[in-house]
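Notes for the one structure printed next.
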Amino acid sequence: MSIRFDAKYAQNIVSSSDIREMAPKAVEAMSTLMSKTGEGNDFLGWIDLPTNYDKEEFVRIKEAADYIKKNADILIVIGIGGSYLGARAVIEAVKSPNYNLLCKDTPQIFFIGNSISPASLNEIVELCEGKDICVNVISKSGTTTEPAIAFRVFRDLVNQKYSAGEAAKRIFCTTDKAKGTLKGLADKEGYATFVVPDDVGGRFSVLTAVGLLPIAVAGIDVDALMLGARNAQNELCSDNIDENPCLKYAAVRNCLYNKGKKLETFVSFEPAMAMFNEWIKQLFGESEGKDGKGLFPSSCVFSTDLHSLGQYIQESGGSLMFETVVKFAECTNDYVIGMQEGNIDGLNFLAGEKMSVVNDKARQGTLLAHTEGGVANLIIEADRLDAESIGYLIYFFEKSCAVSGYILGVNPFNQPGVESYKKNMFALLGKPGYESEKETLEKQLGL
Ligand code: PA5
């Protein structure tokens with residue numbers, strides 16, 4: 001098994017008999033998922049993606065990535081939510097949060113259209129000055145406002161920089177196979193298109209062209225990523241809770257929820273995992289947070305946040321929350337602390353020690369401190385921080401999330417709450433079709 005799950009540091013709160021009691025519910029939830037008989041069952045395409053993906057498109061993704069690598073200094077990736085977080089999470093985890101400063105043979109990659117901030121947009125436009133650029137716009141619906149605004153700007157930029165024929169070759173659209181404004185625009189302008197399958201929702205789409213094209217452009221081995229996910233698909237099937245870490249994790253987090261914990265914080269001791277935590281937060285937040293239910297997903301990078309949120313977690317977190325720590329067994333880029341004459345900084349007791357060992361001692365120290373403070377620690381251990389393990393973790397969290405949502409009694413595959421702000425924003429902006437709501441909303445705001 002390429003992943004280990006350890007719930008022993010939650011046992012003061014969740015006993016083995018609690019877990020045994022929850023086990024049949026978890027098994028039933030997984031069976032509902034795998035038999036495709038539960039709510040949202042038209043969005044289960046992600047279950048088979050690691051084996052049953054469009055092989056022809058996979059080749060086209062690699063070819064497009066090669067074209068972009070050869071012809072662009074910068075790839076602009078436009079998308080929001082599930083059409084953004086996965087790609088960025090994988091690039092930062094496998095390469096680095098400083099990828100854009102370190103990349104040599106691959107283009108810089110900037111993400112935009114994930115907010116409506118004019119400052120962010122202007123900044124990226126400025127960074128493109130004098131550079132060759134390609135654009136990958138990603139929107140399943142093809143109508144989301146944030147990416148649509150950014151795409152208008154970068155389409156203009158590409159059209160200004162290049163001849164019509166050249167511009168069309170530099171824009172890549174990832175969207176619905178047949179419908180939506182973006183698909184219509186791509187067909188009209190002759191842009192290359194990649195498909196977000198009908199049965200794969202945004203937050204479950206990182207292993208489609210949505211994630212794979214930007215990830216491949218960053219020079220990450222997408223075959224290894226898919227292999228990791230495939231291993232997870234094959235391994236995380238058992239009905240025996242002690243043999244299936246995915247099932248056990250889903251069960252234990254529901255036990256904790258039932259014991260009154262309302263917040264789960266995803267912890268990593270590797271700063272490169274910060275964006276991966278953002279991806280997990282969206283996955284769980286949009287999948288479980290509905291019908292007045294669900295754990296609030298949050299995240300920390302330790303030891304960084306031990307110097308900010310650590311105080312709260314230690315002394316006030318116990319009643320509210322638990323931690324899910326993702327750790328790696330092997331460090332692939334270690335540093336050995338040197339000896340210094342005079343020992344003025346008093347650190348010679350660490351001379352010759354690997355920094356990964358110091359980091360792990362910090363993790364163990366935190367584990368003891370936080371569990372003493374009443375904060376349960378769940379530990380998920382993968383082999384090492386590379387494309388294969390990240391592929392595995394992606395599938396692990398997707399399946400755990402779906403099983404967990406069914407245990408909780410929600411439809412994990414819809415996101416009705418995301419629509420409310422959009423409706424209000426459109427009405428306040430005076431979008432045609434929303435006229436009647438505008439006046440009422442302005443009155444509510446006291447405008
Ligand atoms: O998970 C989801 O479904 C959402 O987060 C979407 O990915 C997000 O709203 C972007 O939607 P779209 O790809 O249609 O632009």
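The values are calculated or read from the model by the stated rules, or taken from the named source; none is laboratory data. Please read these numbers as outputs of a predicted model, since none were measured by experiment. Glycine also receives a Cβ, built like all others from the backbone with ideal geometry; neighbour counts cover every protein chain displayed. Please note that ligands, DNA and RNA were not included when accessible areas were found on the heavy atoms of the full protein model with its side chains. Shrake-Rupley method; radii C 1.70, N 1.55, O 1.52, S 1.80 Å.
Applying the Karplus relation 6.51 cos²θ - 1.76 cosθ + 1.60 with θ = phi - 60° to segment 238-249 yields 3J(HN,Hα) values of 4, 7, 8, 4, 7, 10, 10, x, 5, 5, 5, 4 Hz, where x marks Gly and Pro. Heavy-atom accessible area, probed at 1.4 angstrom with all protein chains present, ranks 307, 370 as 307, 370, highest first. Heavy-atom accessible area with a 1.4 Å probe sorts 96, 420, largest first, into 420, 96. Model label sites at residue 145 and residue 348, defined 7 Å from Cα along the beta-carbon direction, differ in position by 6.4 nm. Computed about its Cα centre, the charge dipole of segment 144-279 is approximately 520 debye, with only Lys, Arg, Asp and Glu carrying charge at their Cβ. The helix-only estimate of mean residue ellipticity at 222 nm for the chain, built from DSSP H runs of length n ≥ 4 each weighted as -39500 (n - 2.57), is -15000 deg cm²/dmol after division by the residue total. Work through the residues other than residue 120 whose Cβ is under 13 Å from its Cβ and net out their charges, Lys, Arg +1 and Asp, Glu -1. Around residue 120, the surrounding residues sum to -3. Rolling a 1.4 angstrom probe over the chain with all protein chains present gives an accessible area of which 51% lies on carbon and sulfur atoms.
Restricting the GluC sites (Glu not before Pro) of segment 107-199 to loop positions (DSSP other than H, G, I, E, B) with no more than 13 neighbouring Cβ atoms within 10 Å leaves 129. Rolled with a 1.4 Å probe across the full set of protein chains, the surface gives residue 22 an accessible area near 10 Å². Ranking 387, 346, 402 by Cα position along the charge dipole of segment 266-405, where only Lys, Arg, Asp and Glu carry charges on their C-beta atoms, puts 402 farthest toward the positive end. Extension gain for residue 239-residue 52 works out to 65.1 nm (0.36 nm per residue, less the C-alpha to C-alpha distance). Rolling a 1.4 Å probe over the protein chains gives residue 315 an accessible area of about 140 Å².
Given a Förster distance of 35 angstrom, what is the FRET efficiency for residue 123 paired with residue 21, based on the Cβ-Cβ distance and rounded to 0.05? For residue 123 and residue 21, the calculated efficiency is 0.10. If you count the DSSP beta bridges with both ends in the chain, what percent of them are antiparallel, to the nearest 5? Here the share of antiparallel DSSP bridges comes out near 15 percent. Helix 118-127 axis versus longest C-alpha principal axis of the chain: approximately 80°, rounded to the nearest ten.
The dipole here belongs to segment 1-109: it is taken about the Cα centre, uses +1 on the Cβ of Lys and Arg and -1 on the Cβ of Asp and Glu, and is about 380 debye.
Only Cα pairs under 8 Å and at least 6 apart count here; give the relative contact order of the chain as a rounded whole percent.
Values: 761 pairs, mean separation 104.0, N = 447.
Once normalised by length, the contact order is 23 percent.
To the nearest 0.05, how large is the calculated FRET efficiency for residue 34 and residue 305 if R₀ is 25 Å and r is the Cβ-Cβ distance? With a Förster radius of 25 Å, E is 0.10. Counted by Cβ distance under 12 Å from residue 382, the other residues give a net charge of -3, where Lys and Arg count +1 and Asp and Glu count -1. Heavy-atom accessible area for residue 223, with the other protein chains in place and a 1.4 Å probe, reaches approximately 70 Å².
Restricting the calculation to Cα atoms, the chain shows an Rg/Rh of 0.99 when the hydrodynamic-style radius is the Kirkwood one. In the distance distribution for segment 25-153, Cα-Cα pairs more than 24 Å apart total 42 percent. Residues whose amide H lies under 5 Å from that of residue 172, counting only those 5 or more places away or on a different chain, are 135, 136, 137; hydrogens are built 1.01 Å from N in the peptide plane. Other residues lying with their Cβ under 10 Å from the Cβ of residue 3 contribute a combined charge of -2, Lys and Arg counting +1, Asp and Glu -1.
Give me the log10 of I(q) over I(0) for segment 181-294 at q = 0.11, 0.23 Å⁻¹, as the Debye formula computes it from C-alpha points; what are the numbers? So the normalised log intensities are -0.55, -1.47. Protection proxy ranking for 430-439, 378-387, 53-62, 136-145, using the average of other Cβ atoms within 10 Å per residue and placing the highest first: 136-145, 378-387, 53-62, 430-439. Of all the Cα-Cα pairs you can form in segment 232-367, what percent are over 26 Å apart? When all Cα pairs of segment 232-367 are counted, 37 percent exceed 26 Å.
Per the Debye calculation on segment 105-257 with a single equal scatterer at every Cα and no solvent contribution, log₁₀ I(q)/I(0) for q = 0.20 Å⁻¹ amounts to -1.29. Each label point was placed 7 Å from the Cα along the Cα-to-Cβ direction; for residue 357 and residue 188 their separation is 6.4 nm. Couplings 3J(HN,Hα) of segment 255-260, computed from phi: 4, 4, 4, 5, 8, x Hz, in residue order, whole Hz [Karplus 6.51 cos²θ - 1.76 cosθ + 1.60, θ = phi - 60°; x for Gly and Pro].
Can you give the convex hull volume of the alpha carbon atoms of segment 367-447 per residue, in Å³?
Working: hull volume 19.6 nm³, N = 81.
Hull volume over Cα atoms, normalised by residue count, gives 242 Å³.
For the chain, the Cβ-based charge dipole about the Cα centre amounts to some 780 debye (Lys, Arg positive; Asp, Glu negative; other atoms uncharged). Given R0 = 56 Å, the distance between the Cβ atoms of residue 341 and residue 428 translates into a calculated FRET efficiency of 0.25.
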